[in-house]
Amino acid sequence: LQAGDFTVLDEGRPQKLAKFEQVVNLPLTLGVTIDLSGSMQASLAEAKRAAVGFLEGVLTPRDRCFAVGFSTRPELLMPPTSDAKALEAAFVDLPAVGMTALHDAIVYSLHYFRGTVGRRAMVLLSDGDDTASAVPYRDALEYARRSGVVIYTVGLDVGVSAVEIRGKLKSLAEE
């Protein structure tokens, strides 16, 4: 987009743009939120490998990432760091147990983006079925919408017939 593509109004009166520039190469803050519930038993090893491989391929020394794991409740596995290998260590020996608090994990993870500058994205790896959240889905979705963080959802072992789960993950990513 160019400066001419925008109109800035102050109380209905057009204002002149003092400066307009494309900003590139901003640092990335990336959150990886991984489902550790019992329903992920068959997919957890694959999810861990995918997360680590993704981070190694994306992160630069200027970028930061953090990891959140969740089952019955979310918890920070690794605070923000620029070391993708540290996240790999955080994923070692994580068991797949408990229920799934997906909506709680979304809000919890997005909280760690507060105050960050630059590009912001979250990757959510889950089978998508919430069974334990205190936060309703509509509230988690609204929180995601207001956060301004790009969310990429990866549905693991979500069958073709799981229309509701697929729809939930899709709408979250669209917001």
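The values are calculated or read from the model by the stated rules, or taken from the named source; none is laboratory data. For clarity, every value in this text was computed on a predicted model and none was experimentally measured. Heads up, the Cβs are rebuilt from the backbone with ideal geometry, glycines too, and the neighbour counts pull from every protein chain shown. Keep in mind that these areas ignore ligands, DNA and RNA; they rest on the heavy atoms of the full protein, side chains included. Shrake-Rupley method; radii C 1.70, N 1.55, O 1.52, S 1.80 Å.
Selection over the range 83-136 of residues that are at pLDDT 95 or above and among the acidic types (Asp, Glu) gives a count of 1.
Residues of the range 150-161 being more than 22 Å from residue 45 (Cα to Cα) and either surrounded by 17 or more Cβ atoms within 10 Å (Cβ to Cβ) or touching a residue at least 24 places away in the same chain (Cβ under 8 Å) (or both), which ones?
We begin by selecting, within the range 150-161, every residue more than 22 Å from residue 45 (Cα to Cα); these are 150, 161.
Answer for the range 150-161, where residues must be more than 22 Å from residue 45 (Cα to Cα) and either surrounded by 17 or more Cβ atoms within 10 Å (Cβ to Cβ) or touching a residue at least 24 places away in the same chain (Cβ under 8 Å) (or both): just 150.
For the range 51-97, a residue qualifies if it is open to solvent by less than 30 Å² (accessible area, probe 1.4 Å) and part of a strand (DSSP E or B), and the qualifying residues are 65, 66, 67, 68, 69, 70, 74, 81. Among the residues of the range 150-175, those that are among the hydrophobic types (A, V, I, L, M, F, W, C) and either assigned to a strand (DSSP E or B) or touching a Pro at 6+ places or on another chain (Cβ under 9 Å) (or both) comprise 150, 151, 154.
Please tell me if residue 23 is outside any helix (DSSP H, G or I) and open to solvent by less than 80 Å² (accessible area, probe 1.4 Å). No, not satisfied. Within the range 121-149, the residues that satisfy the criterion of being assigned to a helix (DSSP H, G or I) and open to solvent by 30 Å² or more (accessible area, probe 1.4 Å) are 137, 138, 139, 142, 143, 145, 146.
Here residue 3 passes the criteria (1) open to solvent by less than 50 Å² (accessible area, probe 1.4 Å); (2) under 25 Å from residue 147 (Cβ atoms); (3) of a type in the set (A, V, I, L, M, F, W, C) except the one numbered (2). Residue pairs whose Cβ atoms lie under 6 Å apart, sitting 6 or more positions apart in sequence or on different chains, and linking a residue in the range 61-73 that is under 13 Å from residue 48 (Cα atoms) to a partner that is open to solvent by less than 10 Å² (accessible area, probe 1.4 Å) and among the polar types (S, T, N, Q), are 68/33; 68/109. Which condition from (1) at pLDDT 95 or above; (2) over 23 Å from residue 134 (Cα atoms); (3) among the hydrophobic types (A, V, I, L, M, F, W, C) is the one that residue 51 breaks? In the conditions (1) at pLDDT 95 or above; (2) over 23 Å from residue 134 (Cα atoms); (3) among the hydrophobic types (A, V, I, L, M, F, W, C), residue 51 misses (1) alone.
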